[in-house]
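Comments concern the structure below.
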Amino acid sequence: MESLLELKDVSIDFQSKRKSFNIIKNINLKIDRKMKYGIVGESGSGKSLTSLAVMNLLSDNLSIGQGEIILRTEEEKVLNHLSKKAMRDVRGEDIAMIFQEPMTALDPLYTIEYQIIEVLKYHRKMSKKEMREKAIAMLTSVGISRPEKIMDDYPHQLSGGMRQRVMIAMALITEPKLLIADEPTTALDVTIQAQILDLMNDLTEEHGTSILMITHDLGVILETCDRVAVMYAGQVVEESTVKNVFDNPQHPYTQGLLKSIKTLGDRSEKLYSIPGNVPTPDEYQELGCRFATRCPFAFDKCFSEEPPAFQVGADQTSKCWLHDEEANPNE
Amino acid sequence: MIIPVLFGVSVVIFFTLRVIPGDVAQTILGTSATEESLAALRNKFGLNMPLYEQYFTWMSGVLVGDFGVSMRTGAEILPEILSRFAITFELTILAAFISWIIAIPLGIIAGVKRNTKTDFSVRIISLLGVSVPNFALATILILVLSLSFNYSPPVGYVGFFEDPVKNLQILFLPAFVLGTGMAGAVMRMTRSSILEILRQDFIRTVRAKGVRERVVIFNHAFKNALIPILTIIGMQIGVLLGGTVIIEQIFSLPGLGQMVLTGINQRDFTVVQGAILFIAFVFVLINLLVDLLYSYLDPRISYK
Ligand SMILES: Nc1ncnc2c1ncn2[C@@H]1O[C@H](COP(=O)(O)OP(=O)(O)OP(=O)(O)O)[C@@H](O)[C@H]1O
Ligand code: SF4
Ligand SMILES: [Mg+2]
């Protein structure tokens, strides 16, 4: 079966009057129906931009330079070539999105009812009464105990966890095929984080919704996802099942990431962190591997030529010259 | 809030007027006045009493709606204030409407299409609006209109209920001049708040729902931007309702501004203190209204 969402060689560029540079380079992803797919990476690696590109919500100074974002529902659509109107029909209907900051993600001037119903207004032909009933049912299913009361509340009257529940209700009310969640739990208390993740898991399983989970937290990936793409400096450096990536990481960056969380639980060792800083887009090297400046294994070729994504094992790719037998100095 | 503010204003205006050097009775009656007539005037207005006693006499009148009579003409002050306020009020409302019609659509367009040619042009227009002084614009307009269209500034004022067409003809030009002056600031504020709001997360949420861009701009961005815009508009209206001396002068409108100016020139203290207290009252009232509008617009603000 063909995948639900496919990113083919997608690049995102930044343009201003003074300068322009590439931020996201040649991203390839395939998300199947009902799959829970994770993107993990440090702050600034381009996770949010990738998800915003799918929704066609990039700000004006950013644009998809090349590649195709393909959505396969009843028909096949190339999202980055759709008209504005056609794209609006995809947003909220086929793909819904929730964001990191539940505090600022809702309009402070409108009631919860208004904001939930707003989705239905544009995607369903329903009476006011039907919409209201559906919204109440949805709030109940995200675990809100007095939905009628919450409907009349304004966002500032709710806690962060409650708002995120409202966001989930709003996102899933049209039963979209794909839910994009950009750091949905990062801003929440630890106890509430687990509840929200469970809730998302249960609800999407119920409706067969795919998830694109974006996070910098490997723990969240381990708990919720089937497959994962590891991003670094605007590129996917490793991609496979969650099990493969955790048990058998192939890319030096993934290995470093895992090492830094494993030492976190183990007090005896000094906390490991990858030396150096994440480069900003204007610091990305034109040539070579974008991780070369921080990589403990870097050798000549890493600085002169960009590594392709090597197939390692049956179901795993890693963008690193170490997998190339001819190039690797150690083999 | 209102009571202490108005009390403060009354004290300040009353005592400041009394500090102006020169004998009031003498100024009003002229140098040829006899001793008896001077004494009679001083007696009538209690000018011989201690200052605080004069103040209390005045205030106890004001509190029951009696603003006293003019020192010079002997006419009741409050009816005069009200009839002049009617003119100022109409002028202000017209000017405000004109400024909104120009400023709000342009401000929104500039904010939405930031850094484009449209935005650039709007910013220039708004800069012109704020920086060209009203009196200059008024004079230029009158000159141009009279030279090329045989327009002549109206003499004498006609009330709206006497002859609405004539009344609007008279008020349109001064309202236009005031309105363009106000529009610059409103335009800027509209543009910058729209810009600011469009960057907010919740706008992205609304767009992610598949809502039409027009709805995003009006129902969400503009409604949120309205709060800071309201602040500026409230201030502008408050100031204009206090009278506009220069514009009233140029267009010979008998508004509040003129009343205060003549009052000061003639040392007609009862008129000046009455008018200024009234202006302060209106200003405070407008602020109150703006506060009420805030709490109506924004559920996070509750009016106490
Ligand atoms: N509108 C923009 N204009 C220019 N650069 C941008 C813009 N938005 C993001 N960037 C840059 O692109 C890079 C990727 O940003 P992105 O928001 O996708 O990171 P992220 O992986 O989501 O990180 P975080 O965990 O901090 O959310 C960052 O270096 C960021 O500074
Ligand atoms: S290509 Fe070279 S620099 Fe890049 S990750 Fe592999 S070894 Fe390190
Ligand atoms: Mg992000």
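What percent does the relative contact order of the range B:81-297 come to when contacts are Cα pairs within less than 8 Å and at least six residues apart? Show your work: numbers first, answer last.
Details: 243 pairs, mean separation 61.7, N = 217.
The normalised contact order for the range B:81-297 reaches 28 percent.
Note the direction-averaged projected area, equal to a quarter of the hull surface, for the Cα convex hull of the range A:1-118, in nm².
Details: hull surface 37.6 nm².
Its Cα hull, projected and averaged over all orientations, spans 9.4 nm².
Give me the compactness ratio for chain A, meaning the Cα radius of gyration over 2.2 N^0.38 Å.
Details: Rg = 21.0 Å, N = 331, 2.2 N^0.38 = 20.0 Å.
Expressed relative to 2.2 N^0.38 Å, the Cα Rg reads 1.05.
Taking the Cα atoms only, what angle lies between the long axis of helix B:164-198 and the longest principal axis of chain B, rounded to 10 degrees?
It works out to around 50 degrees.
Can you compute the charge dipole magnitude of the protein assembly as shown about its Cα centre, using +1 on each Lys and Arg Cβ and -1 on each Asp and Glu Cβ, nothing else charged? Give it in debye, rounded to the nearest 20. Each step should come with its number before you reach the end.
On the way: 60 positive and 68 negative charges, 269 e Å.
Here the protein assembly as shown has a charge dipole of around 1300 debye.
Set Lys and Arg Cβ to +1 and Asp and Glu Cβ to -1, take the dipole of the protein assembly as shown about its Cα centre, and tell me which of A:Q66, A:L158, B:F45 lies farthest positive.
Farthest towards the positive pole: B:F45.
Given H placed 1.01 Å from N in the peptide plane, which residues other than close sequence neighbours of A:F310 have an amide H under 5 Å from its amide H?
When sequence neighbours closer than 5 places are left aside, the close amide H contacts are A:S318, A:K319, A:C320.
For the range A:278-295, what does the Karplus curve 6.51 cos²θ - 1.76 cosθ + 1.60, with θ = phi - 60°, yield as ³J(HN,Hα) per residue in whole Hz, taken in order and with x for Gly and Pro?
Coupling constants for the range A:278-295: 5, x, 8, x, 6, 9, 4, 6, 5, 10, x, 8, 5, 9, 4, 5, 10, 7 Hz.
Where the convex hull is taken over the Cα atoms of the range B:103-209, what is its projected area averaged over directions, in nm²?
Seen from a random direction, the Cα hull of the range B:103-209 projects 10.0 nm² on average.
Expected output is a single nm value to one decimal: the length gained when fully extending between B:M235 and B:A86, i.e. 0.36 nm times separation in residues minus the C-alpha distance. What is it? Don't jump to the answer; show the numbers that get you there.
Working: separation 149, 0.36 × 149 = 53.64 nm, distance 1.92 nm.
Gain in length upon complete extension: 51.7 nm.
Determine Rg/Rh for the protein assembly as shown; Rg is computed over alpha-carbon atoms and Rh is the Kirkwood hydrodynamic estimate from the same atoms.
Ratio of gyration radius to Kirkwood radius: 1.16.
Once R0 is set to 41 Å, what does the formula 1/(1 + (r/R0)^6) return for the Cβ-Cβ distance between A:D300 and A:N28, expressed as a FRET efficiency to the nearest 0.05?
Values: r = 27 Å, r/R0 = 0.65.
The value I calculate is 0.95.
For the range B:1-121, state the average projected area of the convex hull of the C-alpha atoms over all orientations, rounded to one decimal in nm².
The directionally averaged projection comes out at 12.8 nm².
Per-residue HN-Hα couplings for the range A:315-323, Karplus 6.51 cos²θ - 1.76 cosθ + 1.60 at θ = phi - 60°, whole Hz, x for Gly and Pro?
9, 8, 10, 8, 9, 7, 5, 4, 7
What is the ratio of the Cα radius of gyration of chain B to 2.2 N^0.38 Å, where N is its residue count, to two decimals? Walk me through the numbers before you get to the answer.
Working: Rg = 23.9 Å, N = 304, 2.2 N^0.38 = 19.3 Å.
Rounded to two decimals, the normalised Rg is 1.24.
From the backbone phi of the range B:31-37, what are the Karplus-calculated ³J(HN,Hα) couplings (6.51 cos²θ - 1.76 cosθ + 1.60, θ = phi - 60°) in whole Hz, Gly and Pro given as x?
6, 7, 5, 7, 4, 5, 5
So in the protein assembly as shown, what percent of DSSP beta bridges are antiparallel if you round to the nearest 5? Before the final figure, lay out each step's value.
Numbers: 30 of 49 bridges.
Expressed as a percentage, antiparallel bridges in the protein assembly as shown total about 60.
What is the distance in Å between the Cα centroid of the range B:57-113 and that of the range A:75-135?
Cα centres, the range B:57-113 to the range A:75-135: 46 Å.
Compute the distance in nm between two label points, each set 7 Å from the Cα along the Cα-to-Cβ direction, one at A:K84 and one at A:D9.
Label at A:K84, label at A:D9, 3.0 nm between them.
Considering only A:M167, A:M213, A:M103, give the residue with the highest GNM mean-square fluctuation for chain A, with springs between Cα atoms whenever their separation is below 10 Å.
A:M103
Hey, with R₀ at 56 Å, roughly what FRET efficiency would B:N48 and B:R300 work out to, going by the Cβ-Cβ distance, to 0.05? Please list the in-between numbers first.
Values: r = 56 Å, r/R0 = 1.01.
Between B:N48 and B:R300 the formula returns 0.50.
Ignoring trypsin sites (Lys or Arg not before Pro) that are buried or in helix or strand per DSSP, and keeping those with at most 12 other beta carbon atoms within 10 Å, what is the longest stretch of chain A between them?
On the way: sites that count: A:K17, A:R18, A:K19, A:K125, A:R267, A:K270.
With trypsin sites (Lys or Arg not before Pro) excluded where exposed in loops, chain A gives A:126-266 as its longest stretch.
Every number in this text was worked out from the coordinates using simple rules, so none of it is lab data. Small disclaimer: the values here were computed from a predicted structure and weren't measured. Here Cβ is always computed from backbone atoms with ideal geometry, including for glycine, and neighbour counts include all displayed protein chains.
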